[in-house]
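> Got a structure here, written out as structure tokens. Questions coming.
What follows draws every value from the coordinates through simple rules; no lab data is involved. Treat the numbers as computed from the prediction; the structure is a model and nothing was measured. Quick reminder, even Gly has a Cβ in these numbers, built from the backbone with ideal geometry, and neighbours come from all protein chains shown.
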Amino acid sequence: MSADRTTPALEVAGVAHTFGRRRALDDCSFTVPAGAVTALVGRNGAGKSTLLRAAAGLLRPDSGEVRVFGEPAGDGSLPRIGYVAQQAPLYPMLTVAQTLTVGSRLNPRWDAAYAHRLADDADLPGAARVGTLPAGHRSRLALVMALAKRPDLLLLDEPLAPLDPVARTEVAGTLMADVAERGTTVVLSSHVVADIDGVCDRVVVLTEGRVRLAAEVEAALDGHLVAVGAGIEFSAFDSSEVVEVRAAGADATALIRPTGSAPSGGLAWHRPTLEELLLGYLRTPTRQVPTA
Ligand SMILES: Nc1ncnc2c1ncn2[C@@H]1O[C@H](COP(=O)(O)OP(=O)(O)OP(=O)(O)O)[C@@H](O)[C@H]1O
């Protein structure tokens, strides 16, 4: 069954969650259309893993609603979801081949041929015990397990972090091929802009448990500008439009989300790079900016 492209793959509405006195998620709302590849970006502790667990139906948030293809996240949505947690939980005593066999027995939609092809592509030796594999190989095996389940929604918690640069590009290529072939929806968390650029078509930025930006990457880049000038010149903008100002000698550099037309006159400005956009938000955790 391919993904239903009319219903959003993931809808997060007003989701809040606390652990003890620690607020992990605060009124989070965003939508992921079916077939999109979305980066969930945030600093350590921003709430990315908590949000992914809620999307996977493994954590029931204190308030708000999470829907997967229109159904409340939970046991019912599980067969359509492939979820890989940060620690890539696998049985260390099993071999790679045994792990794939377990996957085939537990998942009704398991694609054995695809699993073996992906394992071969990742150079995973069938006879090797999982516990003896390097972290990067364990992470790739966890991804094989998630993909061979043939999910409609793939939730990946920092999938590229344990990988070397070559493996990163290989895994990104595998994900892109799956998306192109099956229209799989992917939500992956990452800290690394290079891993997101060219791979993800949407971005959700979380700071301190709040959604600061949720938009298509190109629309977000078009909707912001980096302006360089004396601080006073930024007064042309409403304070709500200024995401971040950084002093640089007599001048300052600002990330701005203009609500009107682009500035004219003495202010030099350019379209932000993805790194400038994301860093501007990540460095200013508390300012509230509406989502696109
Ligand atoms: N089981 C838990 N018990 C208590 N606090 C938790 C628990 N899980 C997460 N937290 C706290 O909730 C906040 C959000 O954590 P979360 O792991 O979701 O962030 P993250 O963005 O995934 O971070 P990282 O990039 O470091 O993985 C943090 O302050 C974290 O310490």
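> Around Val193, under 11 Å between beta carbons, what's the net of Lys plus Arg minus Asp minus Glu among the other residues?
-4
> Can you give the local net charge around Asp157? Use residues other than it whose beta-carbon is closer than 9 angstrom to its beta-carbon, Lys and Arg +1, Asp and Glu -1.
+1
> Please give the net charge around Ala73, taking every other residue with its beta carbon less than 9 angstrom from that of Ala73, where Lys and Arg add +1 and Asp and Glu add -1.
Result for the local shell: 0.
> For segment 49-146, compute Rh as the Kirkwood radius over C-alpha pairs and then the Stokes-Einstein diffusion coefficient at 4 °C and 1.567 mPa s; write the answer in µm²/s, rounded to an integer.
89
> Calculate one ³J(HN,Hα) per residue across segment 195-200 by plugging θ = phi - 60° into the Karplus curve 6.51 cos²θ - 1.76 cosθ + 1.60, and present them in order as whole Hz with x for glycine and proline.
6, 8, 4, x, 9, 9
> So what are segment 10-218's ellipsoid semi-axes, whole angstrom, largest first, if each one is the square root of 5 times an eigenvalue of the alpha-carbon gyration tensor?
28, 18, 17
> Order of Leu274, Leu25, Leu153 from fewest to most other C-beta atoms within 10 Å?
Leu274, Leu153, Leu25
> Long-range amide H contacts for Leu154: which residues qualify at under 5 Å (H placed 1.01 Å from N, peptide plane, sequence gap of 5 or more or a different chain)?
Sorted by chain and number, the residues that satisfy this are Gly82, Thr185, Val186, Val187.
> Under 17 Å from a point placed 7 Å out from the Cα of Arg129 along the Cα-to-Cβ direction: which residues of segment 90-106 have their backbone N that close?
Only 90-100 fall inside the zone, counting backbone N under 17 Å.
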